[in-house]
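Encoded as structure tokens, the structure appears first; notes follow it.
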Amino acid sequence: MVDAAKPAEIIRRRGFMLILSSPSGAGKSTLTKHLLDDEALDLSLSISVTTRARRSSEVDGKHYYFKTRQEFERLRATNDLLEWAEVHGNFYGTPRGPVEEALAAGREMIFDIDYQGTQQVLQRARKDAVTIFILPPSMKELKARLERRAEDAADVIDRRLEAARAQEIERWRLYDYVIVNRDVQEALSQVRSILVAERLRRSRSEEAIDGFVKKLLADA
Ligand code: 5GP
């Protein structure tokens with residue numbers, strides 16, 4: 001049986017950026033981990049650079065590339081970042097090179113970036129981006145998840161909750177799809193459906209379909 005989640009191999013296509021945004025604590029990291037662990041989906045993570053301090057559970061080069069402020073500014077100045085933003089007092093940005101390579105090779109990358117970064121990507125490469133906004137089922141649950149993570153100090157959690165309330169949740173209109181993350185399995189299956197459909201979008205493989213159809217018709 002052919003796995004419906006696997007990219008259609010018959011027709012070559014350009015890959016896309018699967019952008020996932022949410023206020024911190026909405027469960028996006030867990031979702032992202034599940035998506036990356038599923039080999040059939042053939043996804044890779046766009047690893048951002050950040051000036052934020054590394055959390056004890058994080059590995060440099062796997063979750064982020066941790067940089068000094070000066071290093072970050074250099075990358076920005078040399079145009080090596082596809083987008084960048086200041087979030088909760090730290091700088092974050094997406095290295096450009098790996099993204100261009102993946103898209104040209106017909107592969108999808110997951111982006112865990114905020115609404116400011118999403119806005120920049122949409123301005124620069126609308127056709128190459130599919131955007132999903134993840135909402136928590138309630139503010140109570142959002143707070144509980146942040147506290148359960150227990151990796152940030154209380155004032156950091158408060159700052160993040162305040163940002164979620166004041167700036168982030170209101171940005172849902174920027175996104176192609178909105179998912180309420182009540183249950184990881186349910187949310188995962190919704191993201192999978194989006195992937196399957198978006199991989200079949202005509203505009204990603206117009207030339208290849210044209211070639212395929214010409215051969216099909218010549219084959220009478
Ligand atoms: P955290 O510090 O919890 O890892 O991430 C904080 C926020 O920064 C999250 O909303 C995350 O999506 C966002 N973020 C992480 N990397 C990037 C990036 O490269 N660009 C932008 N614009 N936001 C990012």
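Placing +1 at every Lys and Arg Cβ and -1 at every Asp and Glu Cβ, with all other atoms neutral, what dipole size does the stretch 17-218 have around its Cα centre, in debye to the nearest 20?
240 debye
Measure off, as a whole percent, the carbon and sulfur share of the 1.4 Å-probe accessible area of the chain, all protein chains present.
Taking all protein chains in place, the chain shows 50 percent carbon and sulfur surface.
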With a 1.4 Å probe and all protein chains left in place, how much accessible area per residue does the stretch 127-212 have, in Å²?
59 Å²
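Shape of the stretch 1-147 from its Cα gyration tensor (a ≥ b ≥ c, root eigenvalues): rounded if a/c is under 1.5, otherwise prolate when a/b > b/c, or oblate?
Taking the square roots of the gyration eigenvalues as a ≥ b ≥ c, the stretch 1-147 is oblate.
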Using distinct alpha-carbon pairs, which all enter the 1/r mean, Kirkwood radius of the stretch 72-220 in Å
18.2 Å
What relative contact order, as a whole-number percentage, does the chain give when Cα pairs under 8 Å and 6 or more residues apart are counted?
32 percent
Which value at 222 nm does the chain reach when only helices count, each DSSP H run of 4 or more adding -39,500 (n - 2.57), with the total divided by all residues and rounded to the nearest 500 deg cm²/dmol?
-12500 deg cm²/dmol
Taking every DSSP beta bridge that has both residues in the chain, what percent is antiparallel when rounded to the nearest 5?
30 percent
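Show me 33-46, 99-112 ranked by packing, highest mean number of other Cβ atoms within 10 Å first.
Working: 33-46: 14.6, 99-112: 17.5.
So the order, starting with the most tightly packed, is 99-112, 33-46.
The values are calculated or read from the model by the stated rules, or taken from the named source; none is laboratory data. Remember, predicted model here, so these are calculated numbers, not experimental data. Note that each Cβ is placed from the backbone with ideal geometry, even for glycine, and that neighbours are counted across all protein chains shown. Keep in mind that these areas ignore ligands, DNA and RNA; they rest on the heavy atoms of the full protein, side chains included. Shrake-Rupley method; radii C 1.70, N 1.55, O 1.52, S 1.80 Å.
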